[in-house]
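Reading through the structure tokens given below for one structure.
The values are calculated or read from the model by the stated rules, or taken from the named source; none is laboratory data. Keep in mind that what you see is a predicted model, and the values were worked out from it rather than measured. Every residue, glycine as well, gets a Cβ built from its backbone with ideal geometry; the counts of neighbours run over all protein chains shown. SASA here: full protein model, heavy atoms, side chains in, ligands and nucleic acids out. Shrake-Rupley method; radii C 1.70, N 1.55, O 1.52, S 1.80 Å.
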Amino acid sequence: MSTNADRLANAAVPLDVLLVDAALGPMRRFVPDVSTAKWAISLARQPRMTASRLAGLGAEAGRIAVGSSEITPRRGDRRFTDPGWQENPLLKRVSQLYLAAGRTAEQLVTDAALPGRDGKRVRFFVENVTEALSPSNLPLVNPASAKAVIETGGLSLVRGGRQLAKDLASSPRVPEMVDTTGFRVGENIAASEGAVVFRSEVLELIQYTPQGDEVYEVPMLVVPPTINKFYAVDLAPGRSLVEHGMQQGRQMFLISWRNPDARHAHWNFDTYVRAILDALDAVEEITGTEKTTLGGICSGGILASITAAYLAGIGREDRLAALALAVTVIDNHDAGTVSALSDPRLAALAKKRSAKKGYLDGRTLAEVFAWLRPGDLIWNYWVNNYLLGKRPPAFDILFWNADTTRMPAGLHADFVDMAAGNLLTEAGGVTVLGVPIDLGKVTVDSYIVAGIADHITPWENCYRTTQLLGGTSRFVLSTSGHIAALVNPPGNPKATYHVNDEVTPDPKAWLKGAETRQGTWWVDLSAWLAERGGARVPTPKELGSTRLPALAPAPGTYVFDK
């Protein structure tokens, strides 16, 4: 794995911490705490080592002052790429002094050798504070900002100030990441042809219009995330996994969750699993088949896995042909650096706060996601939007990311408890609809895909699902991060993915023996599904059925809930 991928994976956040932060606010991480005090005490107990580090910083500062320092940004650091940082002697010294101080702070964290949670907390604190203090974040000090002020007669700062005020006025209080003006849901986003064929209080079920004269007999039902809208898998024409499936002759069904509010505070695992079972009933009724491939993405993958285990627990796993999971973490053990940033007290407080409100606001969750990668998702846009006065780019993935939903308090509490206790790794650790959940009883074949640079669902944790399920698993490792790994259409000459038929307990051993293939994992998934798709049958002439007729054109009505 690349150094950058290692860094992102180590900074990944387990689900319980993510949901606790969303309820309590991510800024608590920037406040010095007991771990920070332990760091200071540890350094005080090592005066010679600490003095040596500070003396080294002083010596480097001297070299910087006389212009002989050779310190440069690390590879991949784009903050100081403007020529002005090198051409202006003062700015060059400012950037070098910042870099030297930041590296000294990193060394002091290492020197303290704090164990476990304390070490991880302090490192996270220092890295984020250092990122915030970068001179590239300062107006006029950043040479690109100074040039923009001159070229626009100061209008760049005026525009930036207005945008800052707008962003701070409402959640999420982070720089706007996408220009949304060019996107229209149902037109150039979530635009695949289909119809809502079933609607309940919790979800709408969309059946997509098959392409071609024949389809595979076994349909596919996809469970999307519960913390964003469904259309990550139907992003845009040519970039839609749903569209690709239709082109391959699959009968595609996709759940669109209702955006809950305080009235739905009691919705929990039982509610959502029951809703998936209702959707499965509808798929079987419409297609007339006895088996369905069940797919799930991120938190939707957790619910899909629970549903599969529920069916196995009641002796009805025969309703499933296979299970496909994308960017889904079930085993949260040691899921990155910030796994150290939560504890039972904070988890209880977070659940209490969402229960009082009735839901977890998706906008605060978006803020948490942004602070997971502050360099890319905060300060990059801080410079572009506020210092340069520019609009952010128009990017479909970021448009989807900004289209947030709420999570009912009951589901929020269940997810926090499940992830904090790592309960799904234990047989009977979770009980849903009165049935103890045991993933080991799920014996259908499974396809599991992850992203090598995913900062939300670390690929190693996704991989561990292969050891929890009882059937034969195929694990595929895609390029890119969380949703970018998912949106991976054919035609990208740089796209690659890793495969290895030898599914070992150790994910790193799996990767070491893996074969790198050119192209997209979508093709690999299509071949895997085809082997389990049953016979080819004539394409249905109409969507829905006599008992479940089409109710509305895709993408339905719930997707527009605010």
Dimensions in Å of region 33-90 - Rg and Dmax from alpha carbons: 16.3, 43
Restricting attention to the alpha-carbon atoms of region 450-562, what are Rg (one decimal) and Dmax (integer), both in Å? 18.2, 53
Considering all alpha-carbon pairs of region 85-141, what whole percent are spaced by more than 17 angstrom? 45
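Roughly how many debye, to the nearest 20, is the charge dipole of region 210-320 about its Cα centre, given +1 on each Lys and Arg Cβ, -1 on each Asp and Glu Cβ, and no other charges? Intermediate values should be presented prior to the final figure.
Details: 9 positive and 14 negative charges, 99 e Å.
Dipole of region 210-320, to the nearest 20 debye: 480 debye.
For region 109-206, which GluC sites (Glu not before Pro) are both in a DSSP coil and crowded by at most 11 other Cβ atoms within 10 Å? Mind dumping the intermediate values first?
On the way: sites: 127, 131, 151, 176, 187, 193, 201, 204; in loops: 176, 187, 193, 201.
Here the sparse-neighbourhood loop sites are 187, 201.
So, R0 is 25 Å and r is the distance between the beta-carbons of residue 36 and residue 173; what FRET efficiency does that work out to, to 0.05? All intermediate terms of the calculation are to be shown ahead of the outcome.
Working: r = 24 Å, r/R0 = 0.96.
In this case the efficiency is close to 0.55.
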Scan around residue 295 for amide H atoms under 5 Å from its own, H built in the peptide plane at 1.01 Å from N, and keep only partners 5 or more places away or cross-chain. 221, 222, 223, 324
For residue 454, residues with placed amide H under 5 Å, excluding near neighbours: 459
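With r as the distance between the Cβ atoms of residue 501 and residue 443 and R0 = 22 Å, compute the FRET efficiency 1/(1 + (r/R0)^6) and round to 0.05.
Values: r = 19 Å, r/R0 = 0.85.
Rounded to the nearest 0.05, the efficiency is 0.75.
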Region 470-490 versus region 377-394: alpha-carbon centroid distance in Å: 30
With just the Cα atoms of region 403-469, tell me how far they stretch along each of the three principal axes, in Å, largest first. 36, 33, 20
Please sort by residue number the trypsin sites (Lys or Arg not before Pro) in region 433-529 whose DSSP state is loop and whose Cβ has at most 13 other Cβ atoms within 10 Å. 494
Cβ-placed point charges (K, R +1; D, E -1), dipole of the chain about Cα centre in debye, nearest 20: 2180
Given region 208-315 reduced to its alpha-carbon atoms as identical point scatterers, what log10 I(q)/I(0) does the Debye formula return at q = 0.17, 0.24 Å⁻¹? -0.84, -1.41
Tilt, helix 15-24 to longest principal axis of the chain (alpha-carbon atoms), in degrees rounded to tens, equals 70
Relative counts (whole %) of C-alpha pair distances in region 126-188, using bins that are 5 Å wide: 4, 14, 15, 19, 21, 14, 7, 5, 2
Run through region 356-461 and list the GluC sites (Glu not before Pro) located in a DSSP loop whose Cβ has at most 16 other Cβ atoms within 10 Å. 426
Kirkwood-based shape ratio for region 389-432, expressed as Rg/Rh from alpha carbons: 1.29
Using a 1.4 angstrom probe on heavy atoms only, work out the carbon and sulfur share of the accessible area of the chain in %. 55
Among 479, 442, 410, whose Cα sits farthest toward the positive end of the charge dipole of region 374-487 (+1 at Cβ of Lys/Arg, -1 at Cβ of Asp/Glu, about the Cα centre)? 479
Run the numbers for residue 130 and residue 193: contour at 0.36 nm per residue of separation, minus the present Cα-Cα distance, in nm. 17.9 nm
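Per residue and in cubic angstrom, what volume does the convex hull of the Cα atoms of region 354-472 have?
Working: hull volume 17.9 nm³, N = 119.
Convex hull volume per residue, Cα atoms: 150 Å³.
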Output the 0 to 90 degree angle, nearest 10, between the alpha-carbon long axis of helix 521-531 and the longest principal axis computed from the alpha carbons of the chain. 20
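Let me know the whole percent of all Cα-Cα pairs from region 496-562 that are separated by more than 13 Å.
Every Cα pair in region 496-562 considered, those over 13 Å come to 78 percent.
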Find which of 389, 241, 222 sits farthest along the positive direction of the dipole of the chain, computed with +1 on the beta-carbon of Lys and Arg, -1 on that of Asp and Glu, about the Cα centre. 389
